[in-house]
1. Pairs under 6 Å by beta carbon, first residue closer than 16 Å to Thr100 by Cβ in segment 232-247, partner assigned to a helix (DSSP H, G or I) and among the hydrophobic types (A, V, I, L, M, F, W, C), six or more apart or different chains?
2. Filter segment 241-252 down to the residues that are under 18 Å from the mean Cα position of the chain (by Cα) and in a helix (DSSP H, G or I) and list them by number.
3. Of all residues in segment 104-118 being among the aliphatic types (A, V, I, L, M) and under 10 Å from Cys288 (Cα atoms), which is surrounded by the fewest Cβ atoms within 10 Å (Cβ to Cβ)?
4. Output the residue which, of all residues in segment 192-222 that are closer than 29 Å to Val115 by Cα and among the acidic types (Asp, Glu), is surrounded by the most Cβ atoms within 10 Å (Cβ to Cβ).
5. Quick one: which residue in Pro175, Pro193, Pro171 is modelled with pLDDT under 85 and farther than 25 Å from Arg344 by Cα?
6. Check whether at least one residue in segment 90-102 is modelled with pLDDT under 90, more than 30 Å from Asp282 (Cβ to Cβ) and of a type in the set (S, T, N, Q), and report yes or no.
7. Six or more apart or on different chains, Cβ atoms under 7 Å: show the pairs whose first residue is in segment 357-375 and closer than 22 Å to Ala391 by Cα and outside the structural domain of Ala222 (by TED's automatic domain parsing) and whose second is in a strand (DSSP E or B) and modelled with pLDDT under 95.
8. Name the single residue, out of those in segment 163-191 being charged (D, E, K, R) and in a loop (DSSP other than H, G, I, E, B), that is surrounded by the fewest Cβ atoms within 10 Å (Cβ to Cβ).
Amino acid sequence: MPPDPRLLMAGSSPALMRAVDLIRKKRDGGELTRDEIAFLVDGAARGTVPDYQLSAWLMAVTCRGMSRAETALLTEAMLGSGEVMDFSALGAAKVDKHSTGGVGDKTSLVVAPVVAAAGLYVPMISGRGLGHTGGTLDKLEAIRGFRVDLSLAEFRAALEACGCAFGGQTPEIAPADKRLYALRDVTATVESPALICASIMSKKLAEGIDALVFDVKVGDGAFMKSEGEGVALAELLVDTAKRVGKRAVALITDMDKPLGRKIGNALEVEEALEVLRGRGPDDLCALCVVLAAWMIFLGGRSASVEEGKRLAEEMIASGRARDTFRRVIKQQGGDERVVDDLTRLPRARGTEIMRARNSGFVTRMACERIGRASVVLGGGREKKEDAIDPAAGVVVEKKIGDAVRAGEPLCAVHYNAEERLGEALQMLETSFVIAAEAPQRTPLIRRIVGA
């Protein structure tokens, strides 16, 4: 096959490129060309560039950044490393939601069945946990038998049958991203806006969607610590989506405290099911409804976001969203009885209560540390090869703004590995700040970008 003329235009043959030169160029602040980015992405997909060089390049990108042009080229190259699904024959619009990751964020488990029940298709290609944040696939696998390793044909069948489907990346979908995603988790390069954008968009565009809602978390428990960082990433995501002809909006949401109260895979499935039953914590319920409303609006099922909210609330109140999730679980091999019987979820053998040492108000939470405590307990992976304990995690009893008396529970620690309990408790004991005066409450949704 003759070389791509676009690559030769840059004056450098791919055959003459070396990864070390491109690492050095990015390390020194240079801007990579289309063919240079394509060379690295192709090397990631084919395995011709080794992990240690890809890791060095990821670190250079994280430290030096990428321009919008580079980010778009990286997204295109990663998308082009695999197949793009075609669901154009389905009657309704295809919409999806993506969160940048936070502690206790289980919104995907709620909004996908809500939006599907409202008459749209939701093809969700999701990921594993990254760092201190949980992954949708890990949570779903806490349901006995639930399969996320679907082939493209199985994914299509689930989507057509249920209106939504949850899957991981298959070998055909953005294979370069799958390798880079795993490396980012273990090389402290998760936070790069360019890498986040390219990773998200390459998978989401491969779903064949028409519209996309981003939930960009900001605060202590998010990868984007400041609102400014979050807005910059949101603008990058929305801009990239619109450049390729997709309707998109981004919500900047608070992550200075966990979302909901339950952190850990089975615990988060339980809380998501509580929301689908019309209960659940106020913050989680409110955010799920707003995210679903935007998806419904961008997908053309409502004339406004407010109408979308009413429709989302109706899907929950009527039980139609819960029934949709039950069908999805059954379709993907899981025990659908869990929807009506939460005791069928994994349960930890031990529970330890951590109590307040003094009275007052919770004024601050070290949200990331709480997430890391759950990982230490086995709720996530400290190393790529680690197994996950689906029952392990933390249930937060008091959050920012709540009054607390000395001796009252601050959180409950659910564990199976007793040898990990001490480290987790030590982290949690320094994660709550209690003061005499109540703090000023911050809004759950701080800003909307692209509306």
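The values are calculated or read from the model by the stated rules, or taken from the named source; none is laboratory data. What you see is a predicted model, and the numbers here were worked out from it, not measured in a lab. With ideal geometry, Cβ positions are generated from the backbone for all residues, glycine too; neighbour counts draw on all protein chains shown.
1. Leu236/Cys197; Leu237/Cys197; Thr240/Cys197; Thr240/Met201
2. Ala241
3. Leu109
4. Here the residue is Asp215.
5. Pro171 is the lone residue from the list that is modelled with pLDDT under 85 and farther than 25 Å from Arg344 by Cα.
6. Checked segment 90-102: no residue is modelled with pLDDT under 90, more than 30 Å from Asp282 (Cβ to Cβ) and of a type in the set (S, T, N, Q).
7. Matching pairs, first to second residue: Gly371/Thr133.
8. If we take residues in segment 163-191 being charged (D, E, K, R) and in a loop (DSSP other than H, G, I, E, B), then Glu172 is surrounded by the fewest Cβ atoms within 10 Å (Cβ to Cβ).
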